[in-house]
Amino acid sequence: MERRALIVGNWKMNKTVSEAIRLSSELKLQLRDVTECDVVIAPPFTALYAVYQVIENTPIILGAQDTFWEEEGAYTGEISPRMLREVGCKYVIVGHSERRRYFKEDNLSCNRKIKAAINADLIPIYCVGETIEERESGRTFFVVEEQLVEGLKGVELTDGKEMVIAYEPVWAIGTGKNATPQEAQEVHGFIRKLIGEIFKERIALNMRILYGGSVTPENAGDLMGQKDVDGLLVGGASLKASSFAKIVKYKMEGERK
Ligand code: PGA
């Protein structure tokens, strides 16, 4: 089963419109020959349309960092999946641990967002992962299972390519302390098995599972070398064109070997 590698840059709350145009223009140059994997960048909402105009007709794909689940209406401050589609987004991150932590998102709101995204033809990247306390008390698999079972309840998939899972251990995000490739594989393997139970094995084999948390050009290759790690969700290292391009190209080199 060939799963196409996917490298996603999550810019978080960084880059004004002019800074975003600059960064995406640099990426456009440095990644113009990428064909071996899918590359997504997720700028803040305000910069989406400007970045889309820079990367249109390049291999780089646009993603958003969040979405609301309603299509339109009196929801001050929110952005709908249809709005994201119209500015050129193909992917949307759902349930990032920072949203769970600072904005009290839970598995139920993630579930609504995932369904709304798929309905609008956006590919949700659903983030799951345990905190350090949960890991240390041996609850990693329990927490990840709960996030998946509740987050994916009633989600309908035809082949598993309509959504992506990102395993992001909370203790690894922005800390410089990444999961070892073995630690990542252990959870990725568990996630794939569970996806097979929730949906069907064929769907689990098609679905891409990304690792996120302190990914750098130095550790990207080893993480990608794991059998159930199909891609990377990159925060800090996606804010500089050179380091993000190295992460993307490290994978390409690895695949050629
Ligand atoms: P990081 O963030 O690469 O800065 O650890 C990853 C993420 O939060 O998606």
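Quick notes on this structure:
- Scattering profile of the stretch 63-198 at q = 0.12, 0.16, 0.21 Å⁻¹ [log10 I(q)/I(0), Debye over alpha-carbon scatterers]: -0.47, -0.82, -1.30
- Charge dipole (debye, nearest 20) of the stretch 66-121; +1 at Cβ of Lys and Arg, -1 at Cβ of Asp and Glu: 240 debye
- Amide H contacts of L232: L6, I7, V8, Y211, each under 5 Å away and 5 or more positions distant or on a separate chain (H built 1.01 Å from N in the peptide plane; Pro and chain starts excluded).
- Proximal aspartates and glutamates relative to K161, as straight alpha-carbon distance under 18 Å, when same-chain residues fewer than 8 apart are discounted: E2, E36, D38, D121, E197, E201, D228, D230
- For E71, distant residues with modelled amide H under 5 Å away: none
- Residues in the stretch 73-84 carry Karplus couplings, in order, of x, 7, 9, 3, x, 9, 10, 8, x, 5, 5, 5 Hz; the curve used is 6.51 cos²θ - 1.76 cosθ + 1.60 with θ = phi - 60°, and Gly or Pro positions show x.
- Proximal lysines to K28, defined as alpha-carbon separation beneath 22 angstrom and excluding residues fewer than eight positions away on the same chain: K12, K15, K90, K240, K246, K249, K251
- Long pairs among K153/K227; K200/K227; K153/K177, criterion Cα-Cα beyond 23 Å: K153/K227; K153/K177
- Neighbour counting of Cβ atoms within 10 Å sorts the residues I209, I7, fewest neighbours leading, into I209, I7.
- Listed from fewest to most Cβ neighbours within 10 Å, the set T35, T46 follows the order T35, T46.
- When the Cα gyration tensor is reduced to axis lengths a ≥ b ≥ c, the ratio a/c is 1.5 or higher for the stretch 1-90, and with a/b not above b/c it is classed as oblate.
- Alpha-carbon centroid distance for the pair the stretch 39-79 / the stretch 115-149, whole angstrom: 22 Å
- Close amide-amide hydrogen proximity is noted between I123 and Y91, V92, each under 5 Å apart and 5 or more residues distant or on a separate chain (H modeled in the peptide plane; Pro and chain starts excluded).
- Cα gyration tensor shape for the stretch 96-166, rounded if a/c is under 1.5, else prolate or oblate: prolate
- Positive-pole candidate from A166, G225, I79, dipole of the chain, charges at beta carbon: G225
- For the chain, the relative contact order works out to 20 percent when only alpha carbon pairs closer than 8 Å and six or more residues apart are counted.
- Every helix of 4 or more DSSP H residues in the chain counts as -39500 (n - 2.57), and over all residues that averages to -12500 deg cm²/dmol at 222 nm.
- Global form of the chain, assessed from the alpha-carbon gyration tensor, a/c cut-off 1.5: rounded
- Selection among F68, L48, N111 by position relative to the dipole of the stretch 37-121 gives N111 as farthest towards the positive end (Cβ unit charges, Cα centre).
- Coupling constants for the stretch 124-134 follow from the phi torsions by the Karplus curve (6.51 cos²θ - 1.76 cosθ + 1.60, θ = phi - 60°), and in residue order they are x, 10, 8, 8, 9, x, 9, 7, 5, 5, 5 Hz; glycine and proline get x.
- Contact order relative to length of the stretch 188-233, as percent, for alpha carbon pairs under 8 angstrom and 6 or more apart: 38 percent
- DSSP bridge orientation in the chain - percent antiparallel, rounded to nearest 5: 0 percent
- Under a model in which nothing but the beta-carbon of Lys, Arg (+1) and Asp, Glu (-1) is charged, the chain shows a dipole of about 520 debye around its Cα centre.
No value in this document is a laboratory result; all are computed from the given coordinates. Predicted model, so just to flag it, every value in this text is computed and none were measured. Glycine gets a Cβ as well: all are built from the backbone with ideal geometry, and neighbour counts include every protein chain shown.
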